[in-house]
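Working notes, structure below.
Values in this text are rule-based calculations from the coordinates and carry no lab data. Here the structure is a predicted model, which is why all the values come from computation and not from measurement. Virtual Cβ from ideal backbone geometry, glycine too; neighbours counted across all protein chains shown.
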Amino acid sequence: MSAQPRKIDLSQLQPQQIVELRKSTEQEIQHFTQSLQALQTAQSKLKDCITSIDGMASSEASELLVPLTSSLYLPGRVGNKDRYLVDIGTGYFVEKSAKEAKLVYEGKINKLNDDSKKLKDILVQKNEILNSMSLVLRQKMIQYEQQQQEQQAAA
């Protein structure tokens, strides 16, 4: 049993119902936009990981600052430039070579790219729905104003 989205004939709704439906759609668009921004931020952080691995491999220095908090660092030394602890999710870390670590991050980036594309498609659909609601609401308001003018002319 597939969950087909219900189609609503906007022309059959009252203006107030369309306004409420439009508000709901605007909230959905806002939520999806925030989710898309979060995905893009995550992608950026993962790309930074790859850049750091590349930078470490090309660096001659063996000393670096290790962050303990966002504003507290300790001096440290690199033991092996080809071994990294990679966060594979939910607080688990696995030791990987530079090449393997980059593959893990590239895989995560590709997954986020796919999710971003799906989210962008949903946003396009929601914006089309919002535009059609605005158009129908505008038409209904014009009809309502015409009816009011006809009633005033008849009275």
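Measure out, as a whole number of angstrom, how far apart the alpha-carbon centroids of the stretch 94-139 and the stretch 1-57 sit.
About 8 Å separates the Cα centre of the stretch 94-139 from the one of the stretch 1-57.
Using alpha-carbon pairs under 8 Å, 6+ residues apart, how would you state the relative contact order of the stretch 17-155 in percent?
Here the relative contact order equals 30 percent.
Could you work out how far helix 15-58 tilts from the main Cα principal axis of the chain, as a 0 to 90 degree angle to the nearest 10?
Value to nearest ten degrees: 10.
Please work out whether the stretch 1-89 counts as rounded, prolate or oblate from its C-alpha gyration tensor, where a ≥ b ≥ c are the square roots of the eigenvalues and a/c under 1.5 means rounded, while otherwise a/b larger than b/c means prolate and anything else oblate?
Prolate is the answer for the stretch 1-89, as a/c is 1.5 or above and a/b outweighs b/c.
Which residues in the stretch 23-40 have a backbone N closer than 11 Å to a point placed 7 Å from the Cα of Ser70 along the Cα-to-Cβ line?
Under 11 Å, as judged by backbone N against the label point of Ser70, lies no residue of the stretch 23-40.
How do Thr41, Thr69 rank when sorted from fewest to most other Cβ atoms within 10 Å of their own Cβ? Provide the component values of the computation, followed by the final result.
Values: Thr41 11, Thr69 6.
Fewest-to-most Cβ neighbours within 10 Å comes out as Thr69, Thr41.
When Rg is the radius of gyration of the Cα atoms in the stretch 17-154 and Rh is its Kirkwood radius, what does Rg/Rh come to?
Expressed as Rg/Rh, it is 1.34.
What's the angle, to the nearest 10 degrees (0 to 90), between helix 98-154's Cα axis and the longest principal axis of the chain?
Roughly 10 degrees between the two axes.
Measure off 7 Å from each Cα along the Cα-to-Cβ vector at His31 and Gln12, then give the distance between these two points in nanometres to one decimal.
The two pseudo-label positions are separated by 2.5 nm.
Can you flag which of Lys45/Lys102; Lys7/Lys120; Lys23/Lys126; Lys7/Lys117; Lys23/Lys117; Lys47/Lys99 are past 18 Å Cα-Cα?
Lys7/Lys120; Lys7/Lys117; Lys23/Lys117
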